[in-house]
Ligand SMILES: CC(C)(COP(=O)(O)OP(=O)(O)OC[C@H]1O[C@@H](n2cnc3c(N)ncnc32)[C@H](O)[C@@H]1OP(=O)(O)O)[C@@H](O)C(=O)NCCC(=O)NCCS
């Protein structure tokens, strides 16, 4: 178990799936203890690939929640592959994606970094 996994385990996040999940998009509210700390969604872009987006409340950042939520969303989604796009300046997101097991896989036309997570088959 890595340091981050230990930290993430201590944080102990819980997902509650939102009712607005439609058209292949799943949305979860993220809780740490009793506090609602953010949300994460995964949109279907192909039968095997999802696209993740996340927002953690400012006051709850820097505790490993983003990293844990990225990973949990990928695992819960059931997709073989999950993609994320992020600005090069978004250091926290890049670190959180790497912590969650994402690897850099290219760049969009608008010069955003593309990260990919691949599930264990
Ligand atoms: C990106 C985001 C989800 C990260 O959430 P988080 O709960 O702070 O993530 P973590 O606590 O797991 O932190 C991940 C890493 O970023 C670091 N970090 C956190 N805030 C940071 C900041 N403002 N600047 C630089 N690094 C930061 C943490 O220290 C941690 O580093 P480590 O791996 O060396 O320990 C959150 O900042 C956010 O909601 N941002 C706005 C929305 C966004 O950018 N979404 C991404 C779209 S893909």
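The values are calculated or read from the model by the stated rules, or taken from the named source; none is laboratory data. Keep in mind the model is a prediction, meaning the values are calculated, not measured. Cβ coordinates were reconstructed from backbone atoms using ideal geometry, including for glycine residues, and neighbour counts include every protein chain displayed.
Couple of notes before you dig in:
- Residue within the range 110-121 that is part of a loop (DSSP other than H, G, I, E, B), in contact (Cβ under 8 Å) with a residue 40 or more places away in the chain and surrounded by fewer than 16 Cβ atoms within 10 Å (Cβ to Cβ) present: yes
- The range 68-84 residues that are more than 14 Å from residue 28 (Cβ to Cβ), paired with ones that are assigned to a helix (DSSP H, G or I) and within 10 Å of the ligand (Cβ to nearest atom) (beta carbon under 6 Å, 6 or more apart): 84/97
- Contact map, the range 40-59: residues that are without any contact (Cβ under 8 Å) to a residue 12 or more places away in the chain paired with residues that are assigned to a strand (DSSP E or B), Cβ distance under 9 Å, separation 6+ or inter-chain. Pairs shown: 46/81; 59/37.
- Residues of the range 38-59 that are more than 25 Å from residue 116 (Cβ to Cβ) and within 10 Å of the ligand (Cβ to nearest atom): 57, 58.
- If you go through the range 76-100 and keep only what is at pLDDT 95 or above, more than 6 Å from the ligand (Cβ to nearest atom), outside any strand (DSSP E or B) and surrounded by fewer than 23 Cβ atoms within 10 Å (Cβ to Cβ), you end up with 80, 87, 88, 89, 94, 98.
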